[in-house]
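The next block holds one structure in the form of structure tokens; read it before the comments.
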Amino acid sequence: MTRFIDLTLNGISTGAIYAAVALALVIIWRSTRIVNFAQGGMLMFTTFIASALISAGVGYWLAFVVALASGFVLGAVVERLLMRHVMGKPPLNAVIVAFGLLILLEAVAGMIWGNTPRSFPPAFSIRGYSVGGTRLLFSPNDTFIVLVVLASALLLALLFRRTTLGLRMRAAAFAPEVARLLGVRVGGMLTLGWALASLMGSLAGVLVAPSVFVGPNQFDPILVFGFTAAVMGGLDSPAGAVIGGLLLGLALSYVGGYEGSELVTLAALVILLLVLMVRPQGLFSTPRERRV
Amino acid sequence: MTARIPHGLRSVAIALLAAVALFVASELLSEYNDLQLATGCYYFAALAGLTLLTGLSGQISLGHGALMAVGAYTTALLIGNEHWPLLGAILAGTAMAALVGLALGAAATRLRGPYLAGATLAFAVGLPALAEKYPGTFGGANGLTIEPPTPPSFLGSEFPLERWEAWVAGIGAVVVLLLAGNLRRSGMGRAFRAIRDDEIAASLCGYSVARVQLTAFVFSAACAGLGGAMLAVVLQLAAPGAFQLQLSLSLLTAIVVGGLGSLAGAAWGAAFLVLLPGWSNDIAHSFSLSTRVSSNLPLAIYGAVLIAVMLAWPTGIQGGVRAASSRLRRMRGRREATGQRGSDPIGRGQGPVASVPGSDAALSNQRGDQES
């Protein structure tokens, strides 16, 4: 029974990370209809910046904030310099540019910081809580991860639903022409969307770094599982991204714990196919009617 | 554009030309370059299938690397354990990949765009895990080695192994070129395009969308399986390290960079995959850089080239070549036209202007479909 509880708690904590990456992908998909495969490289780069600052003697929280801020800037720069030029081209072009950026970022990170993965400190203790004499696999740091991801998801929801800025961003995404006529700076809104999404990705990077280590290729699985979670939840639905992330985290934790870690990727495939067979548009997005 | 050659004959002629070119190249090249030629040929087989699937029928797949793995492992198992002859093992690998493609394609017919990308991505990541789950059968992380294929005795004992491998892979590539070229121009190829452009209109015309999409998926899976089977023969190895996610991604990358939907684009893509790593390695080692920089420089060049090609030629290399050649033709046309006042400045009604609506020519001149 303790094993089941351990696996459940562990699943929630990794699921929160997947949820953060999935949210980053969903925000960009909703605003620009691009699946940002470069997200894994972007969050890797900002986590490396934090890691370099920490090894230079800067405090953890300052490095944390710098990572998020550089994620924000990097997202805006990528949208302005690259993605804006492939919008309106065949949709696969954006995918290839994102792959190119992913590879380029990984190579540049390898040039600057080397290819050997390095450790990264956690925000809080990773010693599990002890309940009634048994030590759980859930630590204060895991609590922090779950709370931070849920809080930022809530903040994003508030931003999109309750503020004028959020309304402008949604208008720019769903009806760019009309929004432009009403005086919304559509381009600026798209840039802001990319910046926010990239910030969310950087958050996931810093949170997951203590367990996967920091290296140019260390975050690839996070991107794959984050994308799987986003597709499962429905790419149009931020709530779906969070729930998809948590469900995937739980499922993979059970499979890894009971059946062996080598089956985890296969399990992700089976779960995703099962979900998509029942709901081809993901769990939480409303199917759009197709028209002639 | 005058006197059109029948389509079937045209494909045969192109395939024959390609076969002769490959044969001459394999005779002239060094053994190392023959190996590169073989590599390019098995990539071409997989890319031709993928470009028909993604460019013509409009289904994206991030999982073709895993389908290549199916072909490679099947071939390696049959040659290693059952001592099948080369041809039989390669055909069996192709058939096995087609079967897996049938299952995956059946799931794919319900999915569109990024959802299909997600499912095939999970397939590409998930399938290689089987090799590590059952190390007894699939050899675990080390994979399966097979004995090098022996050139037939009538070629003489001096015949280099690399040239024989180039021939084997070259024959496979020519067969794919012939079949894919014919499929593109057949009624089924037209159905692919119709469904890509407008599913509902196509189904109103009587096409069964699911069946056509499934056909495209199975054909392209078979091509990937053939490519994988030839990869196993050329490398004499089927190991999970060769079929990581990067392979699937670079296949998709190659068809888009080469020019989506055309077989010439697939050939450009294969050349891109074979030649770029060597060139970028040479560049990286021609400067005296620290190992940290020089070991990452080829990767950086690859990424930068992907971005640059997509920004410079949105329709890929083949699109760039076509644009350049039509500009050249127009310039020549203009030069001939100067002096003749009032002549057509565009150059005598070239291009798709004169096609009859609804005819095959009109359909095949639509966006993105270059005649191979």
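None of the figures in this text is laboratory data; all of them are computed from the coordinates on show. Since this is a predicted model, take the numbers as computed values, not measurements. Note that we place each Cβ from the backbone using ideal geometry, even for glycine, and neighbour counts take in every protein chain shown.
Charges on Cβ only, +1 for Lys and Arg, -1 for Asp and Glu, centred on the Cα centroid of region B:7-364; of B:LEU22, B:LEU116, B:VAL168, which one is farthest towards the dipole's positive end?
B:LEU116
Excluding the sites themselves, what is the longest stretch of chain B that contains no GluC sites (Glu not before Pro) in a DSSP loop with at most 16 other C-beta atoms within 10 Å?
Segment B:159-370 is the longest.
Using a basic spin-label model with each label point 7 Å from the Cα along Cα→Cβ, how many nm lie between A:ARG161 and A:SER261?
The modelled label-to-label distance comes out at 3.8 nm.
Note down the net charge around A:SER13, summing +1 for each Lys or Arg and -1 for each Asp or Glu among other residues with Cβ under 13 Å from its Cβ.
Numbers: positive: none; negative: A:ASP6, A:ASP142.
In short, -2.
Please give the net charge around A:LEU235, taking every other residue with its beta carbon less than 10 angstrom from that of A:LEU235, where Lys and Arg add +1 and Asp and Glu add -1. If you can, show how the numbers build up before the last one.
Details: positive: A:ARG30, A:ARG33; negative: A:ASP236.
Taking every other residue near A:LEU235 into account, the sum is +1.
Connecting C-alpha atoms closer than 10 Å in a GNM of chain B, tell me which of B:GLY113, B:GLY320, B:GLY63 has the biggest fluctuation.
The residue with the greatest mean-square fluctuation here is B:GLY113.
For chain A, modelled as a GNM with alpha-carbon contacts under 10 angstrom, which of A:GLY88, A:GLY15, A:GLY256 fluctuates the most?
Highest fluctuation among the options: A:GLY88.
At R0 = 41 Å, how high is the FRET efficiency between A:THR2 and A:ARG279 if r is their beta carbon distance? Nearest 0.05 is fine.
Step by step, r from the Cβ atoms, then E = 0.75.
Which net charge results when you count Lys and Arg as +1 and Asp and Glu as -1 among the other residues whose beta-carbon is under 15 Å from that of A:GLY257?
-2
Springs between alpha-carbon pairs under 10 angstrom, Gaussian network model over chain A: which of A:GLY188, A:GLY75, A:GLY240 fluctuates most?
Per the Cα network of chain A with a 10 Å cutoff, A:GLY188 tops the list.
Using helices alone, what [θ] at 222 nm do you get for the protein assembly as shown, with -39,500 (n - 2.57) per DSSP H run of 4 or more residues, divided over all residues and rounded to the nearest 500?
On the way: 27 runs with 472 residues, N = 664.
Calculated from helices alone, the mean residue ellipticity at 222 nm is -24000 deg cm²/dmol.
Report the extension gain between B:ARG334 and B:THR137 in nm, rounded to one decimal, defined as 0.36 nm multiplied by the number of residues separating them, less their alpha carbon distance.
That pair, B:ARG334 and B:THR137, stretches by 64.3 nm at full extension.
Over the Cα atoms of the protein assembly as shown, what radius of gyration and what Dmax do you get, in Å?
When restricted to Cα atoms, the protein assembly as shown yields Rg and Dmax of 26.2, 99 Å.
So for chain B, taking the charge dipole from beta-carbon charges (+1 Lys/Arg, -1 Asp/Glu), which of B:ALA308, B:LEU235, B:GLY80 sits furthest toward the positive end?
B:ALA308
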